[in-house]
Amino acid sequence: MHERIVRLKKERRAVILAHNYQAGEVQDAADFVGDSLELSRQAAATRDAEVIVFCGVHFMAETAAVLAPDRTVLIPDPKAGCPMADMITAEEMIRWRAEHPGVPAVCYVNTSAAVKAECDVCCTSANSVKIVDSLPGREVLFAPDKNLAAWTATQTAKTIIPWDGYCYVHHNIRAQDVREAREKHPQAEVWAHPECRLEVHALAHKTLSTGGMVREARATAAEEIIVATEANMIYRLAKENPGKRFYPAHELAFCANMRKITLAKLAGALETMTQRVVVPPDIAARARVAIERMIS
Ligand code: 13P
Ligand code: SF4
């Protein structure tokens, strides 16, 4: 399968981007593996490839399509959506903003391009505090993740008005899971993803995006780490740090949508040049403003 992908990639002049939560074999077939922010940057910087195959969920592939409008963006399974991104629609965002005139709106990258088009600026879990602090005024609307909003609020003097969305994978990790993992691994540090509940952050030594976890895993002196995030994150952490041990805070914290992308579907996408991710130009133009504001 790998050989077939390498051959097709050359024929199609394609580049393969994969999120840190992708299955190990998909990560191993990718040219670049990263967190949401890194993948957005990579999509924007991909100049020599004609095709971007995005191994992640749909909103991520949409972001790539918005940032690289002259390239063909493919997603190996178009049903790989993000339930949190689906918790707010563009119409809901427009109504919400009308209820809070003059208040800037931040949308997490885990939103559709249509929602991004209605916001002032995007953020990822790696930069939510910086983005919120960069905005004028005292109040900020923040959608859709109430957990990321709550954690960001602990790091800024701004008043954050949250939308009532959440990621079920992170929301289902409870303080009790972390306590149990610590009982099994008393020497371990605890790292939590910003999408976790505040009760989990209260027990964590560090709060890190998936990209932050990758960097911290190389830098830390800790030899054992419990990670409160999607359990597949451990694949990359363990592969790059063979001397350290990583444990999931919750063994079943798997994102069913990330798992829809398989090596066979990746090869199929390159073979047939489907499924193409297309964002209507008027929506793309407005979403691009919010994403580029974040990147700059
Ligand atoms: P990162 O931006 O930390 O990669 O997390 C995004 C996420 O949860 C993907 O769904
Ligand atoms: Fe969405 Fe959560 Fe899956 Fe990320 S892990 S794609 S936020 S459901």
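The values are calculated or read from the model by the stated rules, or taken from the named source; none is laboratory data. Since we're looking at a predicted model, the values are computed, not measured. Neighbour counts run over all protein chains shown; Cβ positions are idealised from the backbone, glycine included. Calculation scope for accessible area: heavy atoms of the full protein, side chains included, ligands and nucleic acids excluded. Shrake-Rupley method; radii C 1.70, N 1.55, O 1.52, S 1.80 Å.
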Residues that are open to solvent by less than 30 Å² (accessible area, probe 1.4 Å), within 16 Å of ligand 2 (Cβ to nearest atom) and more than 25 Å from Ser296 (Cα to Cα), drawn from region 58-83 | Ile75, Pro76, Asp77, Ala80, Gly81, Cys82
Are any of the residues in region 207-219 assigned to a loop (DSSP other than H, G, I, E, B) and away from ligand 1 (no atom under 14 Å from the Cβ)?
-> no
Kindly indicate whether any position in region 179-189 is within 17 Å of Ala149 (Cα to Cα), assigned to a loop (DSSP other than H, G, I, E, B) and touching a residue at least 60 places away in the same chain (Cβ under 8 Å).
-> no
For region 265-296, the count of residues that are under 20 Å from the mean Cα position of the chain (by Cα) and assigned to a helix (DSSP H, G or I) equals 11
Look at Val129 and say whether it is more than 16 Å from ligand 2 (Cβ to nearest atom) and touching a helix residue (DSSP H, G or I) at 6+ places or on another chain (Cβ under 8 Å).
-> yes
Take the residues in region 144-197 that are among the basic types (Lys, Arg) and away from ligand 2 (no atom under 14 Å from the Cβ), then tell me which one is surrounded by the fewest Cβ atoms within 10 Å (Cβ to Cβ).
-> Lys184
Quick one: count up the residues across region 23-48 that are open to solvent by 10 Å² or more (accessible area, probe 1.4 Å), modelled with pLDDT under 95 and of a type in the set (A, V, I, L, M, F, W, C).
-> 3
Considering only residues of region 164-187 that are away from ligand 1 (no atom under 16 Å from the Cβ) and among the hydrophobic types (A, V, I, L, M, F, W, C), which is farthest from Asp86 (Cα to Cα)?
-> Ala181
Determine which member of the set Asp86, Asp35 is within 13 Å of ligand 2 (Cβ to nearest atom), within 18 Å of Ile291 (Cα to Cα) and out of contact with any strand residue (DSSP E or B) (no Cβ under 6 Å at 6 or more places or on another chain).
-> Asp35
Ala269 is checked against (1) open to solvent by 20 Å² or more (accessible area, probe 1.4 Å); (2) in contact (Cβ under 8 Å) with a residue 24 or more places away in the chain; (3) touching an Asp or Glu at 6+ places or on another chain (Cβ under 9 Å); (4) away from ligand 2 (no atom under 16 Å from the Cβ) and fails just one. What number does that condition carry?
-> (1)
Which of (1) open to solvent by less than 70 Å² (accessible area, probe 1.4 Å); (2) within 14 Å of ligand 2 (Cβ to nearest atom); (3) not acidic (Asp, Glu) is the odd one out, the single condition Leu252 does not satisfy?
-> (1)
If a residue has to be assigned to a helix (DSSP H, G or I) and in contact (Cβ under 8 Å) with a residue 12 or more places away in the chain to count, how many in region 113-136 make the cut?
-> 9
Go through region 89-120 and count every residue that is open to solvent by 10 Å² or more (accessible area, probe 1.4 Å) and either within 16 Å of ligand 1 (Cβ to nearest atom) or over 25 Å from Met258 (Cα atoms) (or both).
-> 18
Residue check: is Ile225 hydrophobic (A, V, I, L, M, F, W, C), over 30 Å from Pro104 (Cα atoms) and either free of Cβ contacts under 8 Å to residues at least 60 places away in the same chain or surrounded by fewer than 16 Cβ atoms within 10 Å (Cβ to Cβ) (or both)?
-> yes
